[in-house]
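Here is the structure we will look at, set down as structure tokens.
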Amino acid sequence: METIKIDLGKRSYGICVGRGLIAKEDIFSNYICNKNIAIITNETVAPLYLDKLKESFSGAKSIIDIILHDGEEYKNQDSLDTIYESLLKNKFGRDSILIALGGGVIGDITGYAGATYMRGIDFIQVPTTLLSQVDSSVGGKTGINHKLGKNMIGAFYQPKLVAIDVDCLVTLPDKELSAGLAEVIKYGLIRDSIFFEWLEENMNSLLSKDSDSLVEAIIRSCKNKASVVAEDEFESEKGIRATLNLGHTFGHAIETAVGYGNWLHGEAVAVGMIMASKMSMHMGYIQDKDYARIKNIIKTANLPLNPPDISQAQFLDLMASDKKNKDGKINLILLRSLGEAFQTKDYEMKMLEATLKTKIF
Ligand SMILES: NC(=O)c1ccc[n+]([C@@H]2O[C@H](COP(=O)([O-])OP(=O)(O)OC[C@H]3O[C@@H](n4cnc5c(N)ncnc54)[C@H](O)[C@@H]3O)[C@@H](O)[C@H]2O)c1
Ligand SMILES: [Zn+2]
């Protein structure tokens, strides 16, 4: 097992990565000893991992589980109320602790429940999808969706511990694995060209769920995310944390246009990264051969390359309503080189329009 420290002063915590962690009592014992524990999970993950995780909590005062429906559409106020109600009925006080067992949906909602119940109680992330292991469980963004917008209600609230058990990925559907790989590839593109090369060489073992390769990719991704977050915890104007959104402005437009649930987030981000790379190439930042490598790795990861049929006007409209925009001009994350990203509004509109108009292949 390896532990990565995320350095945030008093809010620092460890990210443990390894095999079989959910059955390792000693990882959790310091946090749960004599406490009331609520494990929040969903109806898909519960039958797979809930009992095993509970066995590691023998030192707890009491344990309840809260099993939510599965799906992005349940990342809402109703599910949050279900959590609050269980905690209140069971007389959970400020010293109780929440455990998020599941993908990013469960992690985001549990974190937000932790941030708000009795003005804040501790929580631990036990992410079980690749996307949540390399991205959503690390960095403290928590929240729920509102009917008028995704992730619109939320808080920055850091967990006490992230325990990443790579063995949970055994049951993850291949499509979800690929979606997680999009975010893994993103770290290579925005700040770690050596990791990008490693991914080019090891993509097939990752797709076959080789444990050693997965451990390596997750550690490297979490290290990258941990240093970005340590530098810019609250996504300041400096734009360091914003580079984690490479491909996301294009990707969010795709997700909204096709309707949530029709494309996985990671699939939309993969296409978004290709579009951002294409624009970076047209602006003279990255070279043609880099762009070819980017398309190639995304294709090898079984991710889509082309956006769905969205008109240029609709694309622009959806991108302009992305919450990260300031002063009316669409903020973009582009690549200065393969391995270095930057945030900018300094581009000619016709460059963006050309990117939106043409198909990739
Ligand atoms: N907080 C952040 O910084 C951040 C970053 C990225 C994404 N997110 C959020 O994360 C969410 C997406 O997360 P996700 O991709 O993990 O989706 P998800 O939580 O919906 O999980 C995907 C599917 O896999 C199932 N699943 C989970 N673990 C499994 C396992 N081990 N075996 C079999 N099935 C399993 C889930 O039940 C679900 O059906 C979105 O809501 C997004 O907004 C948050
Ligand atoms: Zn993402």
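A short reminder: the numbers here are calculations on the coordinates, not readings from a lab. What you see is a predicted model, and the numbers here were worked out from it, not measured in a lab. Virtual Cβ from ideal backbone geometry, glycine too; neighbours counted across all protein chains shown.
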| query | If each residue's Cβ is checked for other Cβ atoms within 10 Å, how do Arg94, Arg293 rank with the fewest at the top? | reply | Arg94, Arg293
| Fluctuation leader among Pro47, Pro127, Pro304 - the chain, Gaussian network, Cα springs under 10 angstrom | Pro47
| said: How big is segment 242-289 along each principal axis, measuring the range of its Cα positions in Å and listing the largest first? | reply: 35, 20, 14
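Just for the chain, what percent of DSSP beta bridges are antiparallel, to the closest 5? Please report the intermediate quantities before stating the final value.
On the way: 16 of 41 bridges.
In the chain, approximately 40 percent of DSSP beta bridges are antiparallel ones.
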| message | If you fit an axis through the alpha-carbon atoms of helix 174-191 and take the longest principal axis of the Cα set of the chain, what angle between them do you get, 0 to 90°, nearest 10? | response | 70 degrees
| For the chain, treating each Cα as an identical point scatterer without solvent, what Debye log10 I(q)/I(0) comes out at q = 0.06, 0.09, 0.12 1/Å? | -0.21, -0.48, -0.85
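Leu148 to Gln312: FRET efficiency via 1/(1 + (r/R0)^6), r the Cβ-Cβ distance, R0 30 Å, to the nearest 0.05? Could you put the intermediate results ahead of the total?
Details: r = 25 Å, r/R0 = 0.83.
After rounding to 0.05, the efficiency reads 0.75.
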| Say each of Trp198 and Asp26 gets a label point 7 Å from the Cα, pointing the same way as Cα to Cβ; how far apart are those two points in nm? | 2.6 nm
| Rounded to the nearest 500, what is the chain's calculated 222 nm mean residue ellipticity when only DSSP H runs of at least 4 contribute -39500 (n - 2.57) each, over all residues? | -13500 deg cm²/dmol
| note | Listing Lys175, Lys359 by rising number of other beta-carbon atoms within 10 angstrom, fewest first, gives Lys359, Lys175
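I need Ser211, Ser132, Ser178 ordered by Cβ neighbour count within 10 Å, fewest first.
Working: Ser211 14, Ser132 27, Ser178 22.
Going from sparsest to densest Cβ surroundings: Ser211, Ser178, Ser132.
Quick check on packing: order 53-63, 98-108 by the mean number of other C-beta atoms within 10 Å, highest mean leading.
Working: 53-63: 16.5, 98-108: 27.6.
Put in order of decreasing packing, that is 98-108, 53-63.
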| request: Measure nothing but the geometry: give the 0 to 90° angle between the long axis through the Cα atoms of 248-258 and the longest principal axis through the Cα atoms of the chain, rounded to 10°. | output: 80 degrees
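Provide the FRET efficiency to the nearest 0.05 for the Lys175-Lys91 pair, computing r from the beta carbons and using R0 = 41 Å. Intermediate results must be reported in sequence, preceding the final value.
Values: r = 41 Å, r/R0 = 1.01.
Efficiency, rounded to the nearest 0.05: 0.50.
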| request: Would you mind checking the tilt of helix 193-207 against the longest principal axis of the Cα atoms of the chain, expressed as 0 to 90 degrees and rounded to 10? | output: 70 degrees
| field | Dipole of the chain, positive end: most advanced residue of Pro308, Val258, Val228 [Cβ charges, Cα centre] | value | Val228
| query | Taking the Cβ-Cβ separation of Glu340 and Asn302 as r and a Förster radius of 25 Å, what is the calculated FRET efficiency to the nearest 0.05? | reply | 0.40
| query | Dipole magnitude of the chain about its Cα centre, charges +1 at Lys/Arg Cβ and -1 at Asp/Glu Cβ only, in debye to the nearest 20? | reply | 700 debye
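Tell me the Kirkwood hydrodynamic radius of segment 209-317 in angstroms, computed as one over the mean inverse distance between distinct C-alpha pairs.
Numbers: mean 1/r = 0.0643 Å⁻¹.
Kirkwood hydrodynamic radius for segment 209-317: 15.5 Å.
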| query | How would you order 273-283, 17-27, 200-210 from highest to lowest mean count of nearby Cβ atoms within 10 Å? | reply | 273-283, 17-27, 200-210
| query | Full extension from Ser62 to Glu43: what is 0.36 nm times the residue separation minus their Cα-Cα distance, to one decimal in nm? | reply | 4.7 nm
